[in-house]
Amino acid sequence: MAPALTPAHQSFLAFDFGLRRIGVASGTRLLGAAEPRGTIKGGDFAAIADLIKTWQPDALVIGVPRHPDGNPHEMTAKAQNFGRRLSGRYHLPVFEVDERYTSVEAEAQGALDVDAAAAALILEQFFREHP
């Protein structure tokens, strides 16, 4: 069951999950914009703890990949498991966003750090879906 988005949820960290790399972005609902914050090694929960300590988000957003037709695939379940682990470790609400094509869009925009740029696109999509 997805957590309820409340007015108290104003600042967010977003993650573009990958097994080798995880892109990170931060943003606020007030501005409705996100900033890429870099890439960490996949599964590096110590780095995630540092990011949470630094940015002090009210909630987390993860991109969940799917096939073009919307059906889940192997990485869908892995991303959702990552979200559950984040929620359990950091006791923050975790929201999921369909992240089809965010990396392609980040590349098309000429991003130097595609994973972090994709995380920013994921967070901005979340803001559009939850104004």
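The values are calculated or read from the model by the stated rules, or taken from the named source; none is laboratory data. Everything quoted here is computed from the prediction, not taken from an experiment. Reconstructed Cβ throughout: ideal geometry from the backbone, glycine too, with neighbour counts over all protein chains shown.
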Checklist entry - Out of all the residues in the range 94-131, which are in a helix (DSSP H, G or I), over 13 Å from Ala34 (Cβ atoms) and in contact with a strand residue (DSSP E or B) (Cβ under 6 Å, 6 or more places away or on another chain)? => result Asp115
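Here are some residues: Ala111, Ala117. Which one is surrounded by 15 or more Cβ atoms within 10 Å (Cβ to Cβ) and over 15 Å from the mean Cα position of the chain (by Cα)?
Only one candidate passes the filter, namely Ala111.
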Next on the checklist: Any residue at all in the range 50-63 that's within 11 Å of the chain's Cα centre (by Cα), surrounded by 15 or more Cβ atoms within 10 Å (Cβ to Cβ) and among the acidic types (Asp, Glu)?
Outcome noted: no
Item to check | Condition broken by Ala46, with the remaining ones in (1) surrounded by fewer than 14 Cβ atoms within 10 Å (Cβ to Cβ); (2) more than 20 Å from Ala79 (Cα to Cα) satisfied | outcome: (2)
Checklist entry - Is there any pair with a first residue in the range 66-87 that is more than 15 Å from Arg20 (Cα to Cα) and a second that is hydroxyl-bearing (Ser, Thr, Tyr) and not in a loop (DSSP other than H, G, I, E, B) whose Cβ atoms are under 9 Å apart and which are 6 or more apart or on different chains, and what are they? => result Arg66/Thr76; His67/Thr76
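Per-residue answers, yes or no, for (1) in contact with a Pro (Cβ under 9 Å, 6 or more places away or on another chain); (2) modelled with pLDDT under 95; (3) not basic (Lys, Arg):
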| residue | (1), (2), (3) |
| --- | --- |
| Thr39 | no, no, yes |
| Asp69 | no, yes, yes |
| Gln80 | yes, no, yes |
| Arg85 | no, no, no |
| His91 | no, no, yes |
| Glu105 | no, yes, yes |
Checklist outcome for this item: Filtering the range 11-27 for residues that are touching a strand residue (DSSP E or B) at 6+ places or on another chain (Cβ under 7 Å) and either among the charged types (D, E, K, R) or modelled with pLDDT under 95 (or both) leaves a count of 2
Checklist entry - Taking the condition over 12 Å from the mean Cα position of the chain (by Cα) and closer than 16 Å to Glu124 by Cβ, does Leu31 pass? => result yes
Checklist entry - Which of the residues that make up the range 52-90 are of a type in the set (Asp, Glu) and farther than 17 Å from Ile122 by Cβ? => result Asp69, Glu74
